[in-house]
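The values are calculated or read from the model by the stated rules, or taken from the named source; none is laboratory data. Just so we're clear, the structure is a prediction, and the values are computed from it rather than from any experiment. Here the Cβ positions follow ideal geometry from the backbone for every residue, glycine too, while neighbour counts run over all protein chains shown. The protein model used for the area step is the full one, side chains on, heavy atoms only, and it has no ligands, DNA or RNA in it. Shrake-Rupley method; radii C 1.70, N 1.55, O 1.52, S 1.80 Å.
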Amino acid sequence: MNKNKLLFVQMLAIIVSMTFAIRASNNMIATTLPLFSKYYFHFTQSEVGILSALLSLGTFITSGVINSRLQSNTRRKFFILSSIAYAVILPLFYFANSLSIWVISILAGVSLGSIMPNIITYAGLLEDRKARERLLSIYTLALSASLVAGPAIESAILTTFTIPDVFIFFEPFAILSAVISFFIKFPEERVSSAKINVFSNPGFKTAVINILTYNIPFSVILTFGGIYAVDYLHVSFAEVTALFSLFFTTSFLARIYLSVRPPQSVRLHAIAAISMTTIGLLAILFSNNLVIFSIALLILGFPHGLTYPLSVISISRTFKPYERNTANSLFFAIMMIIGVVTPTVAGFIAELIGIKYLFGTLIPLVLALLTLLNKYVGYVDKVVLEEARKNSLPISKDSKA
């Protein structure tokens, strides 16, 4: 095995292990917190939305305000400290009451804020574009695998134990991530007074608009999908988490596809993802039984699997290695802003018109974002075409589109 392949395998093992541990546990918090607060502390829809928003607010503070401004050596220490802090904070949910759950939620978000952006940056360290994008696709595949396994594990736990017990059962994942954090390397960064123009980069605009088309609906599904299933379809807590596992299964399949066949054309894949998002939201709007709702979740899983990797690849293609930490941190911060604003606004809308019709209000927004995306996505695909011409490589059909 040559040096490059060995490096790829080492990075792959670290990224997959850390990603699986963190995403399985923090997704559990995101899906369980609304059920915990609604049915144990009798929070209103608005309060559930605000509580979920606090989790994302904490993540935004560290990812957007702190992490993006730290130099590599300091950022690595902060990353390790955050991973350890997360392992300490997670079991505190077990002891939470209707007051302390607000504080614990924001602390959990703060501890998570520097973890995911730095894993993304680490995954993008490889110089070869194809190897880098394959590793990024496998990284997102590990994300999806954890999202399938996490709810399945939680569903099995809830058949015997209570919702607060779930936080204790997931603590080993947090401990594992704290241990692995010591093995994550950080890129050497240039000391430069030049300002990195992140927001003016068409690749960054593409990444943000693309993620908006799905993260807004996904945030609503994550916060209110379980409550909708319990209140409207009368399913148990264990069945709710099983439904999330179903949703993430098709997401996992989409990311298997991307890891086997890294996309040349971001534009074509983005259009496909947005089309499926629209169809899935329409299915929820007209669902009146568990079967139709399950089919809707299966459809919506595919764009969940496609959208995030396409945004990560857009950033990877259009920023230099030493610029990617800033771009990734700001991108992740914007994702967290979505996670703050969407549940808060959605909670108030749900109280006015009901959770079911809340999903219908998302469809015009998603279609409007598709129109905006078409203004910038061509630049990302152009990078591949120019690289192919430079290296005299054959250009695949989907990159010409």
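Summary table below
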quantity: Condition check for Thr206: modelled with pLDDT of 90 or more and outside any helix (DSSP H, G or I); calculated: no
quantity: Breaking point among (1) touching a residue at least 40 places away in the same chain (Cβ under 8 Å); (2) β-branched (Val, Ile, Thr); (3) touching a Leu at 6+ places or on another chain (Cβ under 6 Å), for Ile349; calculated: (1)
quantity: Extreme residue, surrounded by the most Cβ atoms within 10 Å (Cβ to Cβ), among residues of segment 165-188 that are small (Gly, Ala, Ser) and within 28 Å of Phe237 (Cβ to Cβ); calculated: Ser177
quantity: Residues located in segment 193-232, provided they are among the aromatic types (Phe, Trp, Tyr), surrounded by fewer than 20 Cβ atoms within 10 Å (Cβ to Cβ) and within 23 Å of Phe247 (Cα to Cα); calculated: Tyr232
quantity: Total residues in segment 140-164, condition more than 14 Å from Ser245 (Cβ to Cβ) and open to solvent by 30 Å² or more (accessible area, probe 1.4 Å); calculated: 4
quantity: Residue match in segment 219-228 (condition: out of contact with any strand residue (DSSP E or B) (no Cβ under 6 Å at 6 or more places or on another chain), modelled with pLDDT of 95 or more and among the small types (Gly, Ala, Ser)); calculated: no
quantity: Residues of segment 171-203 satisfying the condition of being in contact with a Pro (Cβ under 9 Å, 6 or more places away or on another chain) and modelled with pLDDT of 85 or more; calculated: Glu171, Ala174
quantity: Among residues of segment 295-307, those that are under 21 Å from the mean Cα position of the chain (by Cα) and open to solvent by 20 Å² or more (accessible area, probe 1.4 Å), counted; calculated: 3
quantity: From the options Ala272, Ala254, residue that is in a helix (DSSP H, G or I), touching a residue at least 24 places away in the same chain (Cβ under 8 Å) and open to solvent by less than 40 Å² (accessible area, probe 1.4 Å); calculated: Ala254
quantity: Residue ID - nearest to Arg324 (Cα to Cα), chosen from residues in segment 55-69 that are open to solvent by less than 40 Å² (accessible area, probe 1.4 Å) and without any contact (Cβ under 8 Å) to a residue 60 or more places away in the chain; calculated: Thr62
quantity: Within segment 27-77, tally of residues that are touching a Phe, Trp or Tyr at 6+ places or on another chain (Cβ under 8 Å) and outside any helix (DSSP H, G or I); calculated: 1
quantity: Listing of helices (runs of 4 or more DSSP H) fully contained in segment 293-401 that carry 1 or more residues being modelled with pLDDT of 85 or more and more than 15 Å from His269 (Cβ to Cβ); calculated: 324-353, 355-360, 362-373, 377-390
quantity: Test: residue in segment 4-18 that is in a helix (DSSP H, G or I) and in contact with a Ser or Thr (Cβ under 9 Å, 6 or more places away or on another chain); calculated: yes
quantity: Criterion: crowded, with 19+ Cβ neighbours inside 10 Å and farther than 15 Å from Ile211 by Cα - qualifying residue of Leu358, Leu352, Leu385, Leu362; calculated: Leu358
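Residues checked against (1) open to solvent by 60 Å² or more (accessible area, probe 1.4 Å); (2) modelled with pLDDT of 90 or more; (3) farther than 30 Å from Phe36 by Cα:
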residue	(1), (2), (3)
His234	yes, yes, no
Glu239	yes, yes, no
Ala242	no, yes, no
Ser245	no, no, no
Pro262	no, no, yes
Arg267	yes, yes, yes
Thr277	no, yes, no
Leu281	no, yes, no
